[in-house]
Structure formats: C-alpha cells, structure tokens
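S.K.: Before anything else, here's the structure in question.
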Amino acid sequence: MMNMSLLLFDLFLAKPPTNAAETSTDWLAVSSVTILFTILVLLTQFAPTILEFINRHESKLSKKFLDLPIALRSFSSGLAVAYVLTMLIPEYQVFNEKVTYGWINAYKLSLFGLVAYKGIQHYCLLVANKSSQSMGEWGFVKSRQEEKLLGFRVSTSVFAVYASLILLTLPYQLTYLNGPADKLLYLLTFVMHLGFNIFGLFEENEKHFKRLVPPVVITVLSASLVLTLFNVLSTALLLGCLSVLAGIILYNVFKNELPSAGNSSFAWFAIGVFIFVSVDTLTVRSLH
C-alpha cells in the first residue's frame, strides 16, 4: 500500500496527461459518478421493497452462511473494513501533504469529522431530554420518541453529506487506483457500504423513511453531482473534505459495519476481506 501512496504523490508532481488520457479518465469518472448517483437514488426509492425481498430469503436452516441478509451484510462489512485498513489509512500521509493550513492538517480534519459526528448524536439525546423534563411520568416515553425522531433526522442529514462527499471525491480516487479491477472494487465497496447505510436508515425509522430520506438525499446528491461533473471544487478542498469524510468512515465502519457475532457470518466477512485484499494486491503487482 505504500506503493499506492507513492504513486498518488507522483501524480501531483507528474506532467499533465495527454488529451487522450484526459478524455479517457474523464469518461471513466463521469460514468462512475453517474452509476453511483443512480444506484443511490434508486436505493432511496426502493429500499423497503428490496429489504422485503432480501428478508423473504432468510434461510430456514440454522446455518448463517446460507442466510442471504446476514451473508450480504457480512460480505459488505468485510469489504468496508479491508478498504479502511489497506487503502484509506495509508492515504492519510498523502492527504496531509496537500491539506496543510497552519495547524490544520488531514489528520486533525479526520478527527474533527469523527468527533463532530459523535457529538451530534449526543446533542440529539440532550435536546430530547430537555424537551420532556416537564412531562411527568410520561416524560421518558416522550423523550425516547423525540430522541428517535431527531436522531433519525440527523442521521439522514449526515448520510446525505457523507454520500455526497464520496460522490465528490470519486473522480479523484479513480485517478490513482491502478487498474479496472481496483476501480470496480472501489465502486462496489461504496455501493454496498452506502446501500446498507440506506437500509439501516429504513430499519431505524420505517414510519418516517419515505417522507424524509428520498427528498433530502436526492437533493443533496443532485447538487454534488453537478459540482462533480463540472469539476467546480479544487483538489485541495476535495482532499480536505475527504479527510473529514475519513473520520466519519472510520466511525461508521467500526461502529455500524461490524455487527455482533450473533448477527453476522464470519465466513462471509472473511470472504469480503480476502476478495478486496486479493484484487487490490494483484492490481498493484500488475504494475511491476
């Protein structure tokens, strides 16, 4: 993975690519961004139907390996964890070369993203508790309801920003991934990762999902799509956004992507890790 970081650093110092290479890269970026955007929009619209289909295929046997919902979630978790440990963390050094504004750097921006995301959750609880202090014996019930709804609104907003940052930085990420297999694997990882985040929102609050999630997510993603396709934002700003995003990814992956042993399949988790690492390693070696 250090080779990948060095390759990325070399890209900053290298001469601009030829027009043919730029055209190829641009078409690849446009296609990837459009595919990711389309899939996320469809998932927000059809999440209830898709989840119903998946849950109908729960295994009647006791073996978790044959249970489709558990298998998909565990496989997705393996991909996400492998991405964080083999690609995201080594990239920090490269990000830090470009994102340095006084005492602010990529590491601190990432920490800020993680702390801010965690702080929002505690703020939701605080607001819900304060609003129910004068409700007597029903205060606890009301507090829990308000905390759940407020938390769901925040989760929806954070997810929309989170997904939009991935969309914004996708073309940049594709410039240093080494081959078609790596690019496809990167796209697949985030399709599954963000897809199960959408499913998680539905499971968190089925009642308010359709009213809140599609309009918020589609609006924010549409704005990000325009900014991405017209290449409005600078590389330094994108790297800053990606650094903040990295902190949120770390929080989400190790809190939400790693379910308890009772709710996951270790075999499918290990398969996800193995496939990601294998394809990434083979792609890097193919350059030599």
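The values are calculated or read from the model by the stated rules, or taken from the named source; none is laboratory data. None of the values given here were measured: they were computed from a predicted structure. Backbone-built Cβ (ideal geometry, glycine too); neighbour counts: all protein chains shown.
S.K.: Scanning for something closer than 20 Å to residue 200 by Cα and out of contact with any His (no Cβ under 6 Å at 6 or more places or on another chain), does segment 221-242 turn up at least one residue? Lay out the reasoning, then the answer.
M.R.: At the first step, the residues of segment 221-242 found to be closer than 20 Å to residue 200 by Cα are 221.
Still in the list and also out of contact with any His (no Cβ under 6 Å at 6 or more places or on another chain): 221.
Yes, segment 221-242 has at least one match.
S.K.: Working only within segment 247-260, note down all residues that are in a helix (DSSP H, G or I), more than 9 Å from the chain's Cα centre (by Cα) and surrounded by 17 or more Cβ atoms within 10 Å (Cβ to Cβ).
M.R.: Filtering segment 247-260 for residues in a helix (DSSP H, G or I) gives 247-256.
Those left that are additionally more than 9 Å from the chain's Cα centre (by Cα): 247, 250-251, 254-256.
Hits for segment 247-260 are 247, 250, 251.
S.K.: Tell me whether segment 35-52 contains one or more residues that are surrounded by fewer than 16 Cβ atoms within 10 Å (Cβ to Cβ), in a helix (DSSP H, G or I) and either at positive phi or at pLDDT below 80 (or both).
M.R.: no
S.K.: Inside segment 133-153, can you point out the residues that are surrounded by fewer than 19 Cβ atoms within 10 Å (Cβ to Cβ) and modelled with pLDDT of 80 or more?
M.R.: The one that is surrounded by fewer than 19 Cβ atoms within 10 Å (Cβ to Cβ) and modelled with pLDDT of 80 or more: 153.
S.K.: OK, next. Do we find a residue being buried (at least 18 other Cβ atoms within 10 Å of the Cβ) and out of contact with any Phe, Trp or Tyr (no Cβ under 6 Å at 6 or more places or on another chain) anywhere in segment 228-237? Steps first, answer last, please.
M.R.: To start, the set of residues in segment 228-237 that are buried (at least 18 other Cβ atoms within 10 Å of the Cβ) comprises 228.
This time we only want the ones that are out of contact with any Phe, Trp or Tyr (no Cβ under 6 Å at 6 or more places or on another chain), so: 228.
Yes, some residue in segment 228-237 is buried (at least 18 other Cβ atoms within 10 Å of the Cβ) and out of contact with any Phe, Trp or Tyr (no Cβ under 6 Å at 6 or more places or on another chain).
S.K.: Please indicate, with yes or no, whether at least one residue in segment 78-98 is out of contact with any Leu (no Cβ under 7 Å at 6 or more places or on another chain), in a helix (DSSP H, G or I) and at pLDDT below 75.
M.R.: So far as segment 78-98 goes, no, none of its residues is out of contact with any Leu (no Cβ under 7 Å at 6 or more places or on another chain), in a helix (DSSP H, G or I) and at pLDDT below 75.
S.K.: Something else: Which residue out of 232, 220 is part of a loop (DSSP other than H, G, I, E, B) and at pLDDT 80 or above?
M.R.: Details: 220 fails: part of a loop (DSSP other than H, G, I, E, B).
The conditions single out 232.
S.K.: Follow-up question, since we're still on this one. Would you confirm whether any residue within segment 177-187 is assigned to a helix (DSSP H, G or I), at pLDDT below 75 and charged (D, E, K, R)?
M.R.: Checked segment 177-187: no residue is assigned to a helix (DSSP H, G or I), at pLDDT below 75 and charged (D, E, K, R).
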